[in-house]
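What follows is a set of notes on a single structure, which appears directly below.
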Amino acid sequence: MGKVILVAVLSALLAAPLNAQTVRDDEAWRAFAANLEPNAFIKVRLTSGKSFRGYVVGADDHELRVNPKTRVAEPLRRLAYSDVVSIERQKESKWNPATKVLVGVGVAWAVLYGIALLAYASGYD
Amino acid sequence: MNGLTLGLVLAAMVAASPASAQQPELKKWDAGASFGLVFGDGWYPDTDSYGEPQPAYHLELGRFWNTHLKTDTAIILTHRHEGYDYTTFALPNVPGAYSFTRHDRQLTAVSGAMTYQFFENQMMHPFVSGGLQVAAATNHRYRDAETYTINRVTYTVPKLDQRSTDVVVRPFVAVGAKSYFNERTFIKSEFSAAVGGGGFSHAILRLGFGVDF
């Protein structure tokens, strides 16, 4: 009998922080989501290990609705707060990746061309 | 009737299933053209010349088998390259005998590769790739008969006019990225390195535009 009580007490002690953590996270993310304005750009990490970026469409007590930022449009994602590991507000880049590559290549070319011009001007050929 | 009802219910379930709703229609093909620089003379293993980079143009076509795996084919075209080979040879009583031979080279190649593309439906996709390049390497080596004098010893190098076309195969690996402007058009940047019988053969650094369709 004493062993059973001991096991029960230990189980309760071990489980209590986990349960409290889960409940607290749910509530925290629900409260956080309620303060996000529509079209806010966020990154969401899920308990499944996946993450994605997208725009907030709406939130209520049950779910957070996010329009994922993808190349080809995808349907809204409806996220239960219990599936959320983290929500981060993000700053969205104004340039798409291709433009960044073009600018990077242009800058690199300009630097190399400039060095060549300087070398030529200084008589080192 | 029950069968019909069951069929309609199943069809409705499939149509409304989250899996089908989450899968956007991604294009199965991509095509592009790019400009690059070839570093290394591994296409021409029998020559010894200066190794300045040469321009190369790629026209390519890819077929996606799923969101990550793709087959790529490409045609690689190069300019005719004119240069010199510096050749030394042994002659009795003439230390350091040499000659210059001009060469005109041109390369046309096709390549096939399997590509693994990282991420799904994003604006930037890094990739790794591996395959074979098969090239027809034409080489025209020529010189007039010339007389050289070294240490007051005169020797004559005979006229040469030699044409050859070699078919060479080079395995290669590549890394790069497809960076999108929008849903379909992208910039492809890639670095590839090929090996031959003697180790490193050549590398290609290139940048081009493409479209998914």
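Applying the selection to segment A:68-82, what residues are crowded, with 18+ Cβ neighbours inside 10 Å and more than 9 Å from every other protein chain (Cβ to nearest Cβ)?
Selection gives A:Leu79, A:Tyr81.
Given the residues B:Ala97, B:Ala113, B:Ala109, which is the only one that is more than 14 Å from every other protein chain (Cβ to nearest Cβ) and either more than 21 Å from the chain's Cα centre (by Cα) or part of a loop (DSSP other than H, G, I, E, B) (or both)? Outline the logic, then answer.
Working: B:Ala113 fails: either more than 21 Å from the chain's Cα centre (by Cα) or part of a loop (DSSP other than H, G, I, E, B) (or both); B:Ala109 fails: either more than 21 Å from the chain's Cα centre (by Cα) or part of a loop (DSSP other than H, G, I, E, B) (or both).
Answer to the check: B:Ala97.
Between B:Thr71, B:Thr138, B:Thr78, which is hydroxyl-bearing (Ser, Thr, Tyr) and over 22 Å from B:Phe191 (Cβ atoms)? Lay out the reasoning, then the answer.
Values: B:Thr71 fails: over 22 Å from B:Phe191 (Cβ atoms); B:Thr78 fails: over 22 Å from B:Phe191 (Cβ atoms).
Answer to the selection: B:Thr138.
Of the conditions (1) in contact with a strand residue (DSSP E or B) (Cβ under 7 Å, 6 or more places away or on another chain); (2) in a strand (DSSP E or B), B:Thr149 clears all except one; give me its number.
So the condition that B:Thr149 fails would be (1).
B:Glu190: surrounded by 13 or more Cβ atoms within 10 Å (Cβ to Cβ) and at pLDDT below 95, yes or no?
Values: surrounded by 13 or more Cβ atoms within 10 Å (Cβ to Cβ): yes; at pLDDT below 95: no.
Here the answer is no, as B:Glu190 does not meet what is asked.
This table checks each residue for (1) of a type in the set (S, T, N, Q); (2) surrounded by 14 or more Cβ atoms within 10 Å (Cβ to Cβ).
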position: B:Tyr57; (1), (2): no, yes
position: B:Arg80; (1), (2): no, no
position: B:Thr101; (1), (2): yes, yes
position: B:Leu107; (1), (2): no, yes
position: B:Met114; (1), (2): no, no
position: B:Phe118; (1), (2): no, no
position: B:Asn121; (1), (2): yes, yes
position: B:Pro126; (1), (2): no, yes
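Output yes when any residue across segment A:48-56 is more than 22 Å from B:His125 (Cβ to Cβ), assigned to a strand (DSSP E or B), of a type outside the set (Asp, Glu) and more than 13 Å from chain B (Cβ to nearest Cβ), and no when none is.
Residues of segment A:48-56 more than 22 Å from B:His125 (Cβ to Cβ): A:56.
Narrowing further to those that are assigned to a strand (DSSP E or B): A:56.
Filter once more, keeping what is of a type outside the set (Asp, Glu): A:56.
Within this subset, residues satisfying the condition of being more than 13 Å from chain B (Cβ to nearest Cβ) are A:56.
Scanning segment A:48-56 turns up at least one residue that is more than 22 Å from B:His125 (Cβ to Cβ), assigned to a strand (DSSP E or B), of a type outside the set (Asp, Glu) and more than 13 Å from chain B (Cβ to nearest Cβ).
Going by the conditions given, is B:Gly130 touching a strand residue (DSSP E or B) at 6+ places or on another chain (Cβ under 9 Å), away from chain A (no Cβ under 14 Å) and closer than 24 Å to B:Val211 by Cα? Walk me through how you get there before you give the answer.
Values: touching a strand residue (DSSP E or B) at 6+ places or on another chain (Cβ under 9 Å): yes; away from chain A (no Cβ under 14 Å): yes; closer than 24 Å to B:Val211 by Cα: yes.
Yes, satisfied.
Which ones in segment A:29-39 are outside any helix (DSSP H, G or I) and surrounded by 17 or more Cβ atoms within 10 Å (Cβ to Cβ)?
Residues of segment A:29-39 that are outside any helix (DSSP H, G or I), as a first pass: A:35-39.
Within segment A:29-39, just A:Leu36 meets the criteria.
Table: residues versus (1) in a loop (DSSP other than H, G, I, E, B); (2) modelled with pLDDT of 95 or more.
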position: A:Val4; (1), (2): no, no
position: A:Ala16; (1), (2): no, no
position: A:Arg24; (1), (2): no, no
position: A:Glu27; (1), (2): no, no
position: A:Val66; (1), (2): no, yes
position: A:Pro75; (1), (2): yes, no
position: A:Ser82; (1), (2): no, no
position: A:Trp109; (1), (2): no, no
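Looking at segment B:183-205, which of the residues that are within 24 Å of B:Gln122 (Cα to Cα) and outside any strand (DSSP E or B) is nearest to the other protein chains (Cβ to nearest Cβ)? Before you say what the answer is, go through the steps one by one.
Pass one, segment B:183-205, residues within 24 Å of B:Gln122 (Cα to Cα): B:183-192, B:205.
If we keep only those that are outside any strand (DSSP E or B) as well, we get B:183-184.
Numbers: B:Glu183: 6, B:Arg184: 9 Å.
Only one residue fits best here, namely B:Glu183.
If the Cβ limit is 6 Å and pairs must be 6+ apart or interchain, which residue in segment A:32-61 that is over 14 Å from A:Tyr81 (Cβ atoms) pairs with which residue that is among the acidic types (Asp, Glu)?
So the pair list comes out as A:Phe41/A:Glu92; A:Lys43/A:Glu88.
Residue under question is A:Lys91, and the condition is that it be within 12 Å of chain B (Cβ to nearest Cβ) and under 24 Å from B:Lys178 (Cα atoms); does it hold? Spell out the reasoning first.
Working: within 12 Å of chain B (Cβ to nearest Cβ): no; under 24 Å from B:Lys178 (Cα atoms): yes.
Against the criterion (within 12 Å of chain B (Cβ to nearest Cβ) and under 24 Å from B:Lys178 (Cα atoms)), A:Lys91 does not qualify.
What's the total number of residues in segment B:65-124 that are among the polar types (S, T, N, Q) and either under 30 Å from B:Phe181 (Cβ atoms) or touching a His at 6+ places or on another chain (Cβ under 8 Å) (or both)? Quick ask: steps written out before the conclusion?
We begin by selecting, within segment B:65-124, every residue among the polar types (S, T, N, Q); these are B:66-67, B:71, B:73, B:78, B:87-88, B:93, B:99, B:101, B:106, B:108, B:111, B:115, B:117, B:121-122.
Those left that are additionally either under 30 Å from B:Phe181 (Cβ atoms) or touching a His at 6+ places or on another chain (Cβ under 8 Å) (or both): B:66-67, B:71, B:73, B:78, B:106, B:111, B:115, B:117, B:121-122.
Within segment B:65-124, residues that are among the polar types (S, T, N, Q) and either under 30 Å from B:Phe181 (Cβ atoms) or touching a His at 6+ places or on another chain (Cβ under 8 Å) (or both) number 11.
The values are calculated or read from the model by the stated rules, or taken from the named source; none is laboratory data. Since the structure is predicted, the reported quantities are computational estimates derived from the model, not experimental observations. No Cβ is skipped: glycine too gets one built from the backbone with ideal geometry, and neighbour counts run over all protein chains shown.
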